[in-house]
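Reading through the structure tokens given below for one structure.
The values are calculated or read from the model by the stated rules, or taken from the named source; none is laboratory data. Just so it is clear, the structure is predicted and the values come from calculations on it, not from any experiment. Here the Cβ positions follow ideal geometry from the backbone for every residue, glycine too, while neighbour counts run over all protein chains shown.
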Amino acid sequence: MDTVANLLSREQVVDLLHRVQHGGEERVNHLRTLRKALRTPETQLIFIKLENSIQVLAGLLSGSNAQCQLEAAHCLLELSHSPHPSAGLACLPTTPYLLTYLSGQSDKFTELCLYTLGNLCAENEAVREKLLAQGIVPALASCIQRHNLAVVEAVGFVLSQLLQAKDAPVNIVPIVLASGLTPHLLATLQPVPQYGMGAAIECAWCLHYLVCSNVDDGTLVVQGAVSKCSSLLIALGGVMATGSTEEGVEMLVWPLLRSLGNLLAGCKLEGLHPQLRDSRLLPALCVLAQAFLQPHPALARESLWVLNNLTAGSSVFCSAILFLKLVPALIQLLPFSKGINCMVLQVLGNIAHQGTEYCTQLTQAGLLPALCATLKMANPEVVTLSLEVLVMVLASSSEVAEEFTKLKGLRLLEAIQYNSEGEMRLRASYILEHHLTSYSEAGAAAL
Amino acid sequence: MLQPDLLRFLTETESTDTDILAFPVLHVDTRPKEPNLEKLASDCGDDGNEEIPSSPFNFTPQQIRLNKDHEIFEDGDIHRHFYLQDVAANTAELSETPKVSAFRCHIAGCSQLFDTLDGYEHHYSALHRHVCSGCKRSFPSDRLLDIHILEWHDSLFQVMAEKQSMYQCLVEGCDLKFKTSKERKNHLIKTHRYPPDFRFDKSKKSKRKQEKTPHHKDMSMEVSEAPGAGGVEPEHGESMELCASCEPDRQENTDPPHREPLKPRYSHKVPHTICFGQGSTRGFRGRRKKWWRTCIAGKMNWN
């Protein structure tokens, strides 16, 4: 194994560059040495500041000897990792070649070029602007149609870097949508997650950024984005439910949830119904919330956010949750903080808001004892939301008031009246005065 | 966790049984509870359902749209960042290609030596895959090869080019065409920000030049001019050589293939060509017969 000193002096780097330039038949070996040396940020910086250094690499990259080409590409990949802001700009002379080679046949080489381009895109607006002018998007659109999943993953990576730019909604997303890339992105979201998960992950994050840009949800919907996200989430939920943990699967679940959640919020729900007919999405979202509760509570919360967007104002989805008996599973999540219990209460509130029959079924599923627990929590938002849900349920029937009283609910409400939060006090008082009137005076004796 | 039958439903049931539209939908009798609702207090009172404008409750079912930078997304974004760092570390391992015992390229006339499979695969793709059988130049992609054949070896192209814009932009996705290659080059530089010395945009130059060192079968790729400052010193014997006879299928051109080996046609200053031994031909792509193509028989399958 060759060993390369970790930190080369400037003279040593100059010497290495010289050997690469004039090395004749030894050139490949010198390039290999250079590649290893360029793993160090300090060496990267020295190298890019040397006169002609990048031009030498560009020459080799576009030159005659294929092995030197490959090694030069590796060197550029190392340089592209440089944290230094000038590195990206320094590498610009090589980009037309990197792009040209995307349409070549050598998969490994194409991958190298893609990762280099992706790294270069990441931080620097000037680099992105140039790459866009040089036609990076159509090049990616061709590349993604290759059957090699490693290449597809690399394309997804580059695209995800491009799409995160601040100006992406204006300058990049429209080009991407027009390029025919999106159906291929969606095509990677197959419900066979263990095969090519890397590619699916990258493409899902691209989808998330595209949806967030709010440029044209309609096109994405027409291309089946909702259906794809839904099916894949169902498949992943199924996998998690059987206890088999795919390592890293959260990297795929996250962008799927986000894409679906925002697409639901962006479009009329009725219009999406054809793509949302598989009711297994509901238990899948519950499973995902439960499964990720401990390792990734933020992800659990996002799963519940999607449930909120499905149920808000929708009698179909609210009924389905009741019909599938998912309420107990939701109630189990109420003890958990970090926004989880609030989101659950939103969902329960969506259901209660639909009317009397919904409230009845919620009560039968054990909502009241659960609310009694949440009414005692410290978080004001949780308590306020609990009161909102409570008032809807109380308004639905008098038996509910009776049961609530039996559960010592009045005491809870009276305690809230002394809380510092005005919103809580108002609501608690209102309920006591208007919904539990018959109980609160008599109740004092019963307590 | 979910009840067992729900789990079964999630994992096993066929899609037709899971159609949400088949589920019963409960009757909806939602009453708006917005604050400041101008509802008369004459709503019947005893069931406690009256809407009083001073109700503090304001729960409204609402779909929530979260933008990319919303704080709810922060955790996931951090994990994504770490994931990508891992990916970057893994691509560094792309570099560590296993070495094999050295072997030579099997294409006749090319005796390049390799000690890694990746190196060989790339060499093959870069130099032997998209080759013009007319002039033996090699190209990085089908598309550039096609453009080359059209512009260099198709006399009909020359005729048409006198009347209309035929020189297409090299950038994929840009459908513009130009009257001359110079105009195209200017377009590449101005609009697509390409360098003036981009190697795959050479113009036709005179082909008759001096001798070159023979023997070394190293391949050169087509270049425009030597790149500006920082040119790489050519490898020893890096030259263009003609291959020995090659047999393009159904060739109808008038240029006879060179039969004497190692008689160079180009100088250092003129773009190098790639020279191969007998590149075997596979036939045309179904285009006009005047176009020559060298296709490699049997695609190399590396998967």
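Quick check on region A:146-153. Is at least one of its residues surrounded by fewer than 24 Cβ atoms within 10 Å (Cβ to Cβ) and farther than 27 Å from A:Gln223 by Cα?
The answer is no, given that none of the residues of region A:146-153 is surrounded by fewer than 24 Cβ atoms within 10 Å (Cβ to Cβ) and farther than 27 Å from A:Gln223 by Cα.
Surrounded by 14 or more Cβ atoms within 10 Å (Cβ to Cβ) and either within 9 Å of another protein chain (Cβ to nearest Cβ) or at pLDDT below 90 (or both), is that true of B:Asp201? Talk me through it step by step, then tell me what you get.
Values: surrounded by 14 or more Cβ atoms within 10 Å (Cβ to Cβ): yes; either within 9 Å of another protein chain (Cβ to nearest Cβ) or at pLDDT below 90 (or both): yes.
Yes.
Residue pairs, Cβ under 8 Å, 6 or more apart or interchain, first in region A:67-89 and more than 25 Å from A:Ser106 (Cα to Cα) and more than 8 Å from chain B (Cβ to nearest Cβ), second among the polar types (S, T, N, Q) and in a helix (DSSP H, G or I). List them.
Taking only residues 6 or more apart or on different chains, the pairs are A:Ser82/A:Gln44; A:His84/A:Gln44; A:Ala87/A:Gln44; A:Ala87/A:Ser80.
Can you go through A:Val170, A:Val226, A:Val137, A:Val176 and tell me which one is away from chain B (no Cβ under 13 Å), under 30 Å from B:Ile189 (Cβ atoms), in a helix (DSSP H, G or I) and not hydroxyl-bearing (Ser, Thr, Tyr)?
A:Val170
Does region A:334-350 include one or more residues that are within 30 Å of A:Gly218 (Cα to Cα) and in contact with a Gly (Cβ under 8 Å, 6 or more places away or on another chain)?
yes
Could you check region B:68-158 for helices (runs of 4 or more DSSP H) lying wholly inside it with 1 or more residues that are β-branched (Val, Ile, Thr) and either surrounded by 15 or more Cβ atoms within 10 Å (Cβ to Cβ) or under 19 Å from the mean Cα position of the chain (by Cα) (or both)?
B:74-94, B:142-153
For region A:291-358, please list each of the helices (runs of 4 or more DSSP H) lying entirely inside it that holds at least 3 residues being closer than 20 Å to A:Arg280 by Cα and within 7 Å of chain B (Cβ to nearest Cβ).
A:297-311, A:315-323
How many residues are within 40 Å of the chain's Cα centre (by Cα) and under 11 Å from A:His435 (Cβ atoms) if we restrict to region A:388-403?
Taking region A:388-403 as the starting set, the residues that turn out to be within 40 Å of the chain's Cα centre (by Cα) are A:388-396.
From what is left, the residues that are under 11 Å from A:His435 (Cβ atoms) are A:390-396.
Residues in region A:388-403 being within 40 Å of the chain's Cα centre (by Cα) and under 11 Å from A:His435 (Cβ atoms): 7 in total.
Give me the pairs: first residue in region A:40-62 and within 25 Å of A:Tyr101 (Cα to Cα), second residue in a loop (DSSP other than H, G, I, E, B) and among the charged types (D, E, K, R), beta-carbon distance under 6 Å, and six or more apart or on different chains, which are they?
Partner pairs satisfying both residue conditions: A:Ser62/B:Arg199.
Just give me the residues in region B:132-154 being farther than 16 Å from B:Asp201 by Cα and in contact with a Lys or Arg (Cβ under 7 Å, 6 or more places away or on another chain), in sequence order.
Scanning region B:132-154 gives B:Ser133, B:Asp154.
Pairs only if they're at least six apart or on different chains, beta carbon under 7 angstrom, first in region B:134-152 and touching a residue at least 40 places away in the same chain (Cβ under 8 Å), second surrounded by fewer than 21 Cβ atoms within 10 Å (Cβ to Cβ) and among the acidic types (Asp, Glu); list them, first residue then second.
Filtered contacts from region B:134-152: B:Gly134/B:Asp255.
In region A:256-281, how many are in contact with a helix residue (DSSP H, G or I) (Cβ under 7 Å, 6 or more places away or on another chain) and at the interface with chain B (Cβ under 8 Å from one of its Cβ atoms)?
Number of matching residues: 11.
Give region A:90-103 a look and list any residue that's within 7 Å of another protein chain (Cβ to nearest Cβ) and crowded, with 24+ Cβ neighbours inside 10 Å, or say none. Working first, answer last.
Looking only at region A:90-103, we keep the residues that are within 7 Å of another protein chain (Cβ to nearest Cβ), and these are A:93, A:96, A:100-101, A:103.
Within region A:90-103, A:Pro96, A:Thr100, A:Tyr101 meet the criteria.
Looking at this structure, is B:Asn67 at the interface with chain A (Cβ under 7 Å from one of its Cβ atoms) and at pLDDT 70 or above?
Numbers: at the interface with chain A (Cβ under 7 Å from one of its Cβ atoms): yes; at pLDDT 70 or above: yes.
Here the answer is yes, as B:Asn67 does meet what is asked.
For the condition under 30 Å from B:Ser141 (Cβ atoms) and modelled with pLDDT under 80, what is the one hit in B:Ala92, B:Ala41?
Exactly one of B:Ala92, B:Ala41 is under 30 Å from B:Ser141 (Cβ atoms) and modelled with pLDDT under 80, namely B:Ala92.
For region A:414-426, does any single residue satisfy the condition of being more than 10 Å from chain B (Cβ to nearest Cβ), buried (at least 20 other Cβ atoms within 10 Å of the Cβ), over 36 Å from the mean Cα position of the chain (by Cα) and assigned to a helix (DSSP H, G or I)?
yes
If you go through region A:113-134 one residue at a time, how many are under 27 Å from B:Lys185 (Cβ atoms), assigned to a helix (DSSP H, G or I) and at the interface with chain B (Cβ under 10 Å from one of its Cβ atoms)?
7
Given the structure, is A:Ser106 of a type in the set (Gly, Ala, Ser), facing chain B (nearest Cβ under 9 Å) and over 15 Å from B:Ser125 (Cβ atoms)? Give the steps one after another, and end with the answer.
On the way: of a type in the set (Gly, Ala, Ser): yes; facing chain B (nearest Cβ under 9 Å): yes; over 15 Å from B:Ser125 (Cβ atoms): no.
Against the criterion (of a type in the set (Gly, Ala, Ser), facing chain B (nearest Cβ under 9 Å) and over 15 Å from B:Ser125 (Cβ atoms)), A:Ser106 does not qualify.
Can you tell which of A:Glu357, A:Glu270 is farther than 27 Å from A:Leu220 by Cα, among the acidic types (Asp, Glu) and free of Cβ contacts under 8 Å to residues at least 40 places away in the same chain?
A:Glu357
Kindly establish whether A:Gly23 is over 41 Å from the mean Cα position of the chain (by Cα) and either touching a residue at least 60 places away in the same chain (Cβ under 8 Å) or within 10 Å of chain B (Cβ to nearest Cβ) (or both).
yes
Tell me yes or no: at least one residue of region A:371-394 is of a type in the set (Gly, Ala, Ser), within 14 Å of chain B (Cβ to nearest Cβ) and closer than 25 Å to A:Thr311 by Cα.
Within region A:371-394, one or more residues are of a type in the set (Gly, Ala, Ser), within 14 Å of chain B (Cβ to nearest Cβ) and closer than 25 Å to A:Thr311 by Cα.
Quick test of your reading of the structure: A:Arg258 fulfils all but one of (1) closer than 16 Å to B:Lys68 by Cβ; (2) in contact with a strand residue (DSSP E or B) (Cβ under 8 Å, 6 or more places away or on another chain); (3) of a type in the set (Lys, Arg). Name the failing condition by number.
Among (1) closer than 16 Å to B:Lys68 by Cβ; (2) in contact with a strand residue (DSSP E or B) (Cβ under 8 Å, 6 or more places away or on another chain); (3) of a type in the set (Lys, Arg), the lone unmet condition for A:Arg258 is (2).
Given the criteria touching a Lys or Arg at 6+ places or on another chain (Cβ under 8 Å), of a type in the set (S, T, N, Q), on the phi < 0 side of the Ramachandran plot and touching a residue at least 24 places away in the same chain (Cβ under 8 Å), does A:Thr363 qualify?
Criteria not met by A:Thr363.
Being in contact with a Leu (Cβ under 7 Å, 6 or more places away or on another chain) and surrounded by fewer than 16 Cβ atoms within 10 Å (Cβ to Cβ) is true for just one of A:Lys376, A:Lys406. Which residue is that?
Numbers: A:Lys406 fails: in contact with a Leu (Cβ under 7 Å, 6 or more places away or on another chain).
Being in contact with a Leu (Cβ under 7 Å, 6 or more places away or on another chain) and surrounded by fewer than 16 Cβ atoms within 10 Å (Cβ to Cβ) holds for just one of A:Lys376, A:Lys406, which is A:Lys376.
Assess whether A:Leu368 counts as being of a type in the set (A, V, I, L, M, F, W, C) and closer than 22 Å to B:Thr60 by Cβ.
Judged against the criteria, A:Leu368 is not a match.
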